[in-house]
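Below is one structure; the comments refer to it alone.
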Amino acid sequence: MPELFSGLLAFLAYFVGAVGYCALFGLIYTRLTPHDEFDLIVRQHNASAGLAFGGALIGFALALAGAIHNTRSAAEFMVWGLVAMASQFVAYGVARLFHPGLSQAIAQNALAAAYWVAAVSIASGLLFAACMSP
């Protein structure tokens, strides 16, 4: 029974940490992008903004899952979680580099731009998680 209890505590700690990281990621990511995701998604029902932001969040969650799976302590998880977050910000920068009008295209609800950002974000998250493997 003590193993079950310690396992549940570890689950809770990682889960709360992951949710906190996702909230922090969303807050920072929406400040880094020139367009206002929440206005576009919630008020304007812009599918491109929802797809692009959702892809970024999935990409980050994939990288964060790799961090959870491969770390041995809360401190290690905290460090790798920050690295995972930074990798997604870099991925967004790369996506913008290859699509200079990206933000404007998303604001105009251009799905091709949203698919591009989502694909770059998810691919980046998958590669980051794989690179963390021992």
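The values are calculated or read from the model by the stated rules, or taken from the named source; none is laboratory data. Bear in mind that the values here come from a model prediction, so they are computed numbers and not experimental data. Note that each Cβ is placed from the backbone with ideal geometry, even for glycine, and that neighbours are counted across all protein chains shown.
When segment 1-15 is filtered for residues that are free of Cβ contacts under 8 Å to residues at least 40 places away in the same chain and either in contact with a Pro (Cβ under 9 Å, 6 or more places away or on another chain) or assigned to a helix (DSSP H, G or I) (or both), the ones remaining, listed by number, are Pro2, Glu3, Leu4, Phe5, Ser6, Gly7, Leu8, Leu9, Ala10, Phe11, Leu12, Phe15. Within the set Phe98, Phe53, Phe60, Phe77, the sole residue that is of a type in the set (Phe, Trp, Tyr) and surrounded by fewer than 17 Cβ atoms within 10 Å (Cβ to Cβ) turns out to be Phe98. Could you please let me know if Ala61 is within 20 Å of Leu102 (Cβ to Cβ), modelled with pLDDT of 95 or more and in a helix (DSSP H, G or I)? When the stated conditions are applied, Ala61 does not pass them. Scoring Ala129 on the criteria (1) crowded, with 21+ Cβ neighbours inside 10 Å; (2) touching a His at 6+ places or on another chain (Cβ under 6 Å) leaves a single failure, condition (2). With respect to the conditions (1) among the aliphatic types (A, V, I, L, M); (2) surrounded by fewer than 16 Cβ atoms within 10 Å (Cβ to Cβ); (3) more than 22 Å from Gln104 (Cα to Cα), Val42 falls short on a single one, namely (3).
Only one of the numbered conditions (1) under 26 Å from Tyr14 (Cα atoms); (2) crowded, with 16+ Cβ neighbours inside 10 Å is not met by His69, and that is (2).
Provide a single number: the residues in segment 16-36 that are crowded, with 19+ Cβ neighbours inside 10 Å and in a helix (DSSP H, G or I). Working first, answer last.
Step one: list which residues in segment 16-36 are crowded, with 19+ Cβ neighbours inside 10 Å, which gives 21, 25, 29, 33, 35.
Retained after the next criterion (residues that are in a helix (DSSP H, G or I)): 21, 25, 29.
Residues that pass the stated criteria total 3.
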